[in-house]
1. Hey, any hits in segment 171-193 for a residue that's open to solvent by 10 Å² or more (accessible area, probe 1.4 Å), assigned to a helix (DSSP H, G or I) and β-branched (Val, Ile, Thr)?
2. Quick check on this structure: which one of LEU310, LEU363, LEU377 is open to solvent by 20 Å² or more (accessible area, probe 1.4 Å), within 24 Å of the chain's Cα centre (by Cα), at pLDDT 95 or above and farther than 27 Å from LYS23 by Cα?
3. All but one of (1) under 24 Å from the mean Cα position of the chain (by Cα); (2) over 30 Å from ARG28 (Cβ atoms); (3) not aromatic (Phe, Trp, Tyr) hold for PRO55, so report the exception by its number.
4. Take segment 313-340 and flag every residue that is within 28 Å of GLY370 (Cβ to Cβ) and open to solvent by 60 Å² or more (accessible area, probe 1.4 Å).
5. VAL197 - would you say it is outside any loop (DSSP other than H, G, I, E, B), more than 21 Å from TYR64 (Cβ to Cβ) and under 20 Å from the mean Cα position of the chain (by Cα)?
6. So, in segment 124-146, how many residues would count as being outside any helix (DSSP H, G or I), of a type in the set (A, V, I, L, M, F, W, C) and open to solvent by less than 10 Å² (accessible area, probe 1.4 Å)?
7. Give me the pairs, please: first residue somewhere in segment 84-97 and closer than 12 Å to THR114 by Cβ, second residue anywhere and assigned to a helix (DSSP H, G or I) and at pLDDT 95 or above, beta-carbon distance under 6 Å, and either six or more positions apart or on two chains.
8. Given the criterion under 22 Å from LEU377 (Cβ atoms) and among the aliphatic types (A, V, I, L, M), identify the matching residue among VAL116, VAL187, VAL134.
Amino acid sequence: MEKLVGPSQPKDYVTAENYFLYKQDIRRLAAMGVKYYSFSIPWARILPFALPGTPVNQQGIDHYDDLINEVLNAGMEPIVTLIHFDSPWVFVSSDNFAATPDFGVKNGGYQNETFVDAFVNYARIVLAHYADRVPIWVTFNEPWLYSFNFAGADNVVHAHAEVYHFYKDILKGSGKMGIKFNDNFGVPRDPKNASDVEAAKRFQEIYLGLYGNPIFLGRQYPDSVLNTLPGAKPLSDKELQYIGNTSDFFGIDPYTATVVSPPPEGIDACASNQSAPFWPVCAMEETRNVYGWNIGYRSQSYVYITPTYLREYLNYLWNTFRQPVLVGEFGFPVFNEAEKGLPDQLFDTPRSTYYLAFMSEILKSIHEDGVHVLGALAWSWVDNWEFGDAASHFGMQVLNETTQQRFFKKSFFDMVDFVSARLPSS
């Protein structure tokens, strides 16, 4: 049977049904020894009409109140993300959602002139209800992908800072609050080639410096951002003072590495031409190194097993942004796993290889390099709907989409054994 793609693809969004089955899911994870439960709270479930002054959905408040209590009662700690790609439609539809973004992949409505006040209002409601029981908060998940343009990114920076100050200054929150970024860590194609090194530097500035400079360092947007993105403007000294040092950790989702080199026409020519194929990052991303080898063992999607580069990357983040690093997501969709029978899905050796190699490099960065890693959260606890279909399995549990049964994979046991064997003895 031919696989349907694009507009004709079936929109069957029945997946893990965690909204209804969260209690059994939490208990299954706790039974395996998992200590943290990371989830997001959809804005529209708390404020169906999104905007300040509109009614709060008490059923939504009660649901997440019960979920948080269930996590705590199971002996785990909750980690809450305030927005994970699920902006209320009002911000997206009013900003020509079909327009092509300057960067990222989707329009999250962040550039809407009403977004900042509305997001801060939503965040205040959530924090007022749950801050006493949630020790770790993430304001935005991977904002680069949905910021759309410079105005959107600028709004993210301001909104994050306002929420942080509300949590710390008004609520006197004692937990940690931060922001989490996507970035397939860019490594120079040839580390001995100055042009490749410069391309990798720009790659990190566009992906991370755009948000990281002001939020973590109180520094201006990178010149590469100000000189490339349409409408970009510098922050004032007053803004930088308010925004600076408003994150207790640097959240990153380092699924894999990517090989970086300058575009054929050069960085400057690319940066000045919005029609250039690699604009605005103006760095080529490849999966083969200078010797023609794949950068690592390949998965179903874009992820390659690249543990050596992860250690270097954690060093870079710690020494550049000067806050503890939270590995917020990392995971591996085994090639063609969705087409395999249950026994073959359960024995997922490539996923175990990925996780154990990455975890080993994280430990080396901590104990040999002195990097402060706050923690690491695997993606994901179960197979789910990824990239518009169910073909890419990232889960450490198999999901039977008909019966809703979950089955632990080998990788889950391997991760539990790896962690438990390295915990300090009581």
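The values are calculated or read from the model by the stated rules, or taken from the named source; none is laboratory data. Values in this document were obtained by computation on a predicted structure and should not be read as measured data. Cβ sites come from the backbone with ideal geometry, for glycine too, and all protein chains shown count toward neighbours. Surface accessibility is based on the protein's heavy atoms, side chains included, excluding ligands, DNA and RNA. Shrake-Rupley method; radii C 1.70, N 1.55, O 1.52, S 1.80 Å.
1. Checking segment 171-193: not a single residue is open to solvent by 10 Å² or more (accessible area, probe 1.4 Å), assigned to a helix (DSSP H, G or I) and β-branched (Val, Ile, Thr).
2. Working: LEU310 fails: open to solvent by 20 Å² or more (accessible area, probe 1.4 Å); LEU377 fails: farther than 27 Å from LYS23 by Cα.
Testing whether each residue is open to solvent by 20 Å² or more (accessible area, probe 1.4 Å), within 24 Å of the chain's Cα centre (by Cα), at pLDDT 95 or above and farther than 27 Å from LYS23 by Cα leaves just LEU363.
3. Failed condition: (1).
4. TYR316, TRP318, ASN319, ARG322
5. So VAL197 does not fit the description; no.
6. Here is the first cut: in segment 124-146, the ones outside any helix (DSSP H, G or I) are 131-142, 146.
Checking the rest, the ones that are also of a type in the set (A, V, I, L, M, F, W, C) come to 131, 134, 136-138, 140.
Next, from what is left, pick out any that are open to solvent by less than 10 Å² (accessible area, probe 1.4 Å): 134, 137-138, 140.
Within segment 124-146, residues that are outside any helix (DSSP H, G or I), of a type in the set (A, V, I, L, M, F, W, C) and open to solvent by less than 10 Å² (accessible area, probe 1.4 Å) number 4.
7. Listed pairs, sorted by first residue: PRO88/TRP43; PRO88/ALA44; PHE91/PHE115.
8. VAL134
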